[in-house]
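What follows is a set of notes on a single structure, which appears directly below.
The values are calculated or read from the model by the stated rules, or taken from the named source; none is laboratory data. This structure is a prediction, so every number in the text was calculated from the model and none was measured. Here the Cβ positions follow ideal geometry from the backbone for every residue, glycine too, while neighbour counts run over all protein chains shown. Accessible surface areas use protein heavy atoms only, side chains included; no ligands, DNA or RNA. Shrake-Rupley method; radii C 1.70, N 1.55, O 1.52, S 1.80 Å.
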Amino acid sequence: MTSAPLKGSDRIEVGPLADGTGTDPSVRPSSTRRRGRSAPYWFLVPTLTLFAAFTVVPIGYAVWLSLHKVQVKGIGLGKGARSEVWNGFGNYADVLNNSEFGHSVLRAFGYGLIVIPTMLGLALVFALMLDTPKARSAPFARLMIFLPYAVPGIIAALMWGFLYLPAVSPFYYLLDKFGLPEPDLFNGGNLYLSFANIAVWGGTGFNMIVIYTALRAIPQEIYEAARIDGASNVRIALSVKIPIVMPSLVLTFFFSVIATLQVFTEPMALKPLTNNLQSTWSPLMAIYDSAFLKSDIYGASATAVVLALATFVLSFTLLRISDRYTREDRA
């Protein structure tokens with residue numbers, strides 16, 4: 001006696017048993033597939049949690065502080081004498097009208113005009129030299145150029161700071177022995193050169209590695225075709241290598257611009273060594289001065305937000321300009 005076939009509504013989806021000996025009607029393949037598709041997102045939970053806790057929340061709190069201020073009643077003593085009240089965009093108006101902050105931004109731009117071309121120019125030259133076929137001891141030279149980047153910024157700033165002091169610097173000793181003029185590296189325009197030297201010494205190696213890595217990714221067949229056409233190594237570097245690694249140069253340029261606006265370690269470390277350095281020399285120093293020396297965390301938060309927005313707008317504008325020229329060159 002044969003049984004009638006099951007209808008579509010009567011069929012039961014089954015899945016494999018855990019021990020692999022049969023099937024378990026309670027496990028549906030569709031639910032297993034759904035769990036499999038959601039598994040990668042669970043691996044993102046720790047990263048997203050840390051990102052939210054240490055990036056999103058602090059940024060939101062800074063924005064919230066920038067919209068408030070402290071209201072003092074009477075002489076400011078006693079319970080309830082100081083209260084936090086809404087200030088709207090008042091702190092932002094104060095920042096934009098603050099001449100000291102404007103001067104610090106101009107000083108940062110002047111510092112960047114020295115650092116960025118010098119650092120990226122040296123990084124490109126070193127990368128091209130290391131990429132030549134006749135380069136000797138390239139791994140050792142690459143390590144020596146990159147090594148200053150591994151030195152913490154505060155240590156590098158203090159080391160160079162003492163080398164700038166006439167009383168302890170061996171450079172000034174040699175200048176005195178040979179009767180040569182001894183410049184004051186902590187005064188006037190020389191102060192920019194002193195800071196720029198530290199940044200170039202520490203940042204050239206990183207940018208060189210980025211450019212050198214891009215050069216090593218270029219197929220050798222392109223070089224061979226250029227040599228067959230009679231191109232010299234200099235011609236290959238100017239007409240082949242530099243145009244191909246231009247995206248890497250743009251990337252390092254953006255990093256350098258952001259680092260210029262955020263310069264803090266060098267002037268802050270050298271400030272105790274001279275009386276010619278203002279406490280608001282750079283934008284970040286102005287923020288530090290407001291928050292920790294003047295105890296105005298609300299104004300400091302507004303300054304930080306303004307600086308972050310300016311950095312974002314500048315980077316986005318430069319990126320758009322670079323992208324437009326890249327598309328025109330490809331066309």
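Here's a check for you: in region 30-77, which residue that is at pLDDT 90 or above and among the β-branched types (V, I, T) is farthest from S295 (Cα to Cα)?
Checked region 30-77; the qualifying residue farthest from S295 (Cα to Cα) is V45.
Hey, does region 104-112 have a residue that's surrounded by 14 or more Cβ atoms within 10 Å (Cβ to Cβ), not in a helix (DSSP H, G or I) and not aromatic (F, W, Y)? Steps first, answer last, please.
Within region 104-112, the subset surrounded by 14 or more Cβ atoms within 10 Å (Cβ to Cβ) is 104-105, 107-108, 110-112.
In the following step, the residues that additionally are not in a helix (DSSP H, G or I) were identified as none.
So far as region 104-112 goes, no, none of its residues is surrounded by 14 or more Cβ atoms within 10 Å (Cβ to Cβ), not in a helix (DSSP H, G or I) and not aromatic (F, W, Y).
Can you find a residue that is in a helix (DSSP H, G or I), of a type in the set (V, I, T) and touching a Lys or Arg at 6+ places or on another chain (Cβ under 8 Å) anywhere in region 205-221?
Looking for residues that are in a helix (DSSP H, G or I), of a type in the set (V, I, T) and touching a Lys or Arg at 6+ places or on another chain (Cβ under 8 Å), one finds at least one in region 205-221, hence yes.
Can you confirm whether R136 is of a type in the set (K, R), in the same structural domain as N275 (by the TED database) and in contact (Cβ under 8 Å) with a residue 60 or more places away in the chain?
The answer is no for R136.
Does region 114-121 contain any residue that is assigned by the TED database to the domain that holds N233, small (G, A, S) and either modelled with pLDDT under 95 or surrounded by 14 or more Cβ atoms within 10 Å (Cβ to Cβ) (or both)?
Keep residues of region 114-121 that are assigned by the TED database to the domain that holds N233, which gives 114-121.
If we keep only those that are small (G, A, S) as well, we get 121.
From what's left, either modelled with pLDDT under 95 or surrounded by 14 or more Cβ atoms within 10 Å (Cβ to Cβ) (or both): none.
No - not one qualifying residue is present in region 114-121.
Which condition from (1) within 23 Å of the chain's Cα centre (by Cα); (2) over 30 Å from V63 (Cα atoms); (3) of a type in the set (A, V, I, L, M, F, W, C) is the one that M268 breaks?
(2)
Can you give me the number of residues within region 127-170 that are of a type in the set (K, R) and not in a helix (DSSP H, G or I)?
2
Of the numbered conditions (1) assigned by the TED database to the domain that holds P283; (2) open to solvent by less than 40 Å² (accessible area, probe 1.4 Å); (3) among the hydrophobic types (A, V, I, L, M, F, W, C); (4) more than 24 Å from the chain's Cα centre (by Cα), L67 fails exactly one; give the number of that condition.
Condition not satisfied by L67: (1).
Restricting attention to region 236-244, does a residue exist that is part of a helix (DSSP H, G or I), free of Cβ contacts under 8 Å to residues at least 40 places away in the same chain and closer than 16 Å to E100 by Cβ?
No, region 236-244 contains no residue that is part of a helix (DSSP H, G or I), free of Cβ contacts under 8 Å to residues at least 40 places away in the same chain and closer than 16 Å to E100 by Cβ.
Six or more apart or on different chains, Cβ under 7 Å: which pairs go from a residue in region 153-170 that's within 14 Å of F264 (Cβ to Cβ) and in contact (Cβ under 8 Å) with a residue 24 or more places away in the chain to one that's acidic (D, E) and surrounded by 15 or more Cβ atoms within 10 Å (Cβ to Cβ)? Could you list them?
Every condition considered, the pairs that remain are A157/E266.
Residues are listed down the side, and each one gets a yes or a no for (1) among the acidic types (D, E); (2) part of a helix (DSSP H, G or I); (3) touching a Ser or Thr at 6+ places or on another chain (Cβ under 9 Å):
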position: Y172; (1), (2), (3): no, yes, no
position: L185; (1), (2), (3): no, no, yes
position: G188; (1), (2), (3): no, no, no
position: A196; (1), (2), (3): no, yes, yes
